[in-house]
Amino acid sequence: MAVPKRRTSRSKKGMRRSHHHAHARQVQYCNRCGTVALPHTVCSNCGWSNTQRREAVELKEATEE
Ligand SMILES: [Zn+2]
């Protein structure tokens, strides 16, 4: 098995890990109601699918029972 000849310096380790930070989740906006929705998902507010350009899920109105 190949073994590193030199130990990685703190500097080089830091340079490599400089890209390891977390990014904010990318969001899109629903074409029908305008609220934030994750890409390739159905809008949780109105059931609209941006990718299919149609209502994918019929949401039930909040019923009082
Ligand atoms: Zn919507």
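Any read-out appearing in this document is the output of simple, stated calculations on the displayed coordinates, not a laboratory observation. Values in this document were obtained by computation on a predicted structure and should not be read as measured data. Reconstructed Cβ throughout: ideal geometry from the backbone, glycine too, with neighbour counts over all protein chains shown.
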Report summary line: For the chain, whose charge dipole is built from +1 on Lys and Arg Cβ atoms and -1 on Asp and Glu Cβ atoms, the candidate among Ser44, Gln28, Pro4 with its Cα farthest towards the positive end is Pro4
Report summary line: Met1 and Lys60 label points (each 7 Å along its Cα→Cβ direction) are spaced in nm at 5.5
Query raised in the report: Out of the chain, which trypsin sites (Lys or Arg not before Pro) are coil in DSSP terms and have no more than 12 other C-beta atoms within 10 Å?
Result: Lys5, Arg6, Arg7, Arg25, Arg53, Lys60
Query raised in the report: Suppose every K and R has +1 on its Cβ and every D and E has -1 on its Cβ; what is the size of the dipole of the chain about the Cα centre, in Debye to the nearest 20?
Result: 1460
